[in-house]
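A.B. asks: Pasting in a structure now, in C-alpha cells, and then I'll have a few things to ask.
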Amino acid sequence: MSGNEWLIPFNRPSFEGREHEYLEAAIASGQISGDGVFTKRCHSYLESEVGVAKALLTTSCTHALEMMAILLDIKEGDEVILPSFTFVSTVNAFVLRGAKPVFVDVRPDTLNFDERQFDELVTERTRAAVPVHYAGVGCEMDVILSVAESSGVAVVEDNAHGLFGTYRGRQLGTFGSMAAQSFHETKNFTCGEGGALLINDERLVERAEIVREKGTNRSRFFRGLVDKYTWTDIGSSYLPSDLLAAVLLAQFEARTAIQEARRRIWERYSAGLADWADQVGARLPVVPADREQPFHMFYLLLPSLDARQGLMARLKSKGILSVFHYLPLHLSEMGRRFGGRPGQCPVTEDVSDRLLRLPFYNRLSESEQDLVLETIQGFRP
C-alpha cells in the first residue's frame, strides 16, 4: 500500500499555522535561496529557545552531522563511539571522513547509548562520542560528559528526535560542543526535508559558517567584514532554500499547539495500552523522572519477533500502518567491514527484532487512535 491507501498511515505531515502565508511572502521577497529572512528568523528562534551560541539551518540532519565531522577534523584512523541502534546517517557522517565507527550497545530501558560501556571503549584513537537521544528521551549525559572530559573525547549530540526535550532541566542539544537536528516530515516540526546544526562551542561558529557556505567566507562578506569572499576551507552546499525556512518558522510558531496535540496522543496510547502490555508481556516506552520528552514517537516492545510480526499483520489487516525501526548497524554489510559481529551489542540485536512504532502524527484523531488501540488490545501473541 502507498501512504494514501492506508486508513491510518504511520505518519501524516500537517501544516499548523502560517505556512502558506510565509511561503507566499518568501516568494514575493525575491530571495528564495539560502539565508534569507525566514532562515535568519529560524536561526534566532532556535538560539533563543534552545539556548545555543549559534544555530545554522541545513538541508538535512544528515548534512548537520557531516558538518560536525568536518568541524571536529575527523580523519583517517580516528575512532568515533556511537550506538549501533541509530539511523545510518549518524555513522556515515564520520565514516565519510575516514573514521572507524566503534559501536556501543544501548540501555535496555531507554534504548539510549549505554554510558556504562563508554569508558571501556575509549582508546588513544577515540576522537568523539555521539549520544543519540532515542525517541527524544535524553541519554545519561552527566556520565557521558564525565567520561569524555577525563578521556579528552569530544561529545556531539544526534538530537534528531529530541528538540525541546530536557535532561535534568537542561535542553537536549546543549550538552555537546554541537548537536544535529532533523526537520524531516516525520519529526515534530517539519519543512519536508531539513535540519540544523546547533553550536555550543563559540570557537566553532566562524568555521561552521565557512563549511556551510561551500568552504568560502561568504557569510563574512555579507556582513561587511571582508570586501570579497573566497575559498578558505573545505565545505559543501548545506544551505536550505528560504522557502523551506518559511514553512519551518510557521511550524515553530505553532509549537504549543503541536506539542499539546502530541502529548495527548502519547498519553492516550500509554494509558490505553498499559494493562494490555502487562497481560501479554510487552513493554511501553520508559521515560525517567528526570527527563522531559518532546513526544516524538510511541513504540511497543513485543515479547518476540513473531509477536511483533503478528501484531503488524493484525494492524495491517485493519488498514493501519505500523513500522519497525533501526536494524543493528554492526550487523549490516558495512558494519561487518568495521569488525561488527553477532553478539557485540546484544540489547540492540534483541530490541531491533521486537520494537514496533505506532501511528503518530499531530492530527491523529481520537477515533483513529481508538481503532489502533482496539486492534492492539484484541491481539494475543
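The values are calculated or read from the model by the stated rules, or taken from the named source; none is laboratory data. These numbers were taken from a predicted model, which means no experiment stands behind them. Here the Cβ is made from the backbone with ideal geometry for all residues, glycine too, and neighbour counts use every protein chain on show.
A.B. asks: Residues that are over 30 Å from SER304 (Cβ atoms) and β-branched (Val, Ile, Thr): which helices (runs of 4 or more DSSP H) entirely in region 196-279 hold 2 or more of them?
C.D. replies: 205-212
A.B. asks: So which pairs qualify, if the first residue must be in region 341-353 and within 15 Å of THR86 (Cα to Cα), the second must be among the small types (Gly, Ala, Ser), the Cβ gap must be under 6 Å, and the two must be at least 6 apart or on different chains?
C.D. replies: Qualifying pairs under 6 Å: CYS345/SER84; THR348/SER84.
A.B. asks: Can you tell me which residue is modelled with the lowest pLDDT among those in region 16-52 that are small (Gly, Ala, Ser) and crowded, with 16+ Cβ neighbours inside 10 Å?
C.D. replies: GLY17
A.B. asks: Which condition number does PHE175 fail, the rest of (1) assigned to a loop (DSSP other than H, G, I, E, B); (2) without any contact (Cβ under 8 Å) to a residue 12 or more places away in the chain being met?
C.D. replies: Only one criterion in (1) assigned to a loop (DSSP other than H, G, I, E, B); (2) without any contact (Cβ under 8 Å) to a residue 12 or more places away in the chain is unmet by PHE175, namely (2).
A.B. asks: Within the bounds of region 143-165, is there any residue that is buried (at least 16 other Cβ atoms within 10 Å of the Cβ), small (Gly, Ala, Ser) and part of a strand (DSSP E or B)?
C.D. replies: Scanning region 143-165, I find at least one residue that is buried (at least 16 other Cβ atoms within 10 Å of the Cβ), small (Gly, Ala, Ser) and part of a strand (DSSP E or B), so the answer is yes.
A.B. asks: Among the residues of region 118-127, is there at least one that is part of a loop (DSSP other than H, G, I, E, B), modelled with pLDDT of 95 or more and either of a type in the set (S, T, N, Q) or touching a His at 6+ places or on another chain (Cβ under 6 Å) (or both)? Can you show your working first?
C.D. replies: If we filter region 118-127 for residues that are part of a loop (DSSP other than H, G, I, E, B), which is where we start, we get 122-125.
Going one step further and asking which of them are modelled with pLDDT of 95 or more, we end up with 122-125.
The next check asks that each one be either of a type in the set (S, T, N, Q) or touching a His at 6+ places or on another chain (Cβ under 6 Å) (or both); those that pass are 123.
Yes: region 118-127 contains one or more residues that are part of a loop (DSSP other than H, G, I, E, B), modelled with pLDDT of 95 or more and either of a type in the set (S, T, N, Q) or touching a His at 6+ places or on another chain (Cβ under 6 Å) (or both).
A.B. asks: Could you run through region 79-106 and say how many residues are of a type in the set (D, E, K, R) and either in the same structural domain as GLU349 (by TED's automatic domain parsing) or part of a strand (DSSP E or B) (or both)?
C.D. replies: Final tally of qualifying residues: 2.
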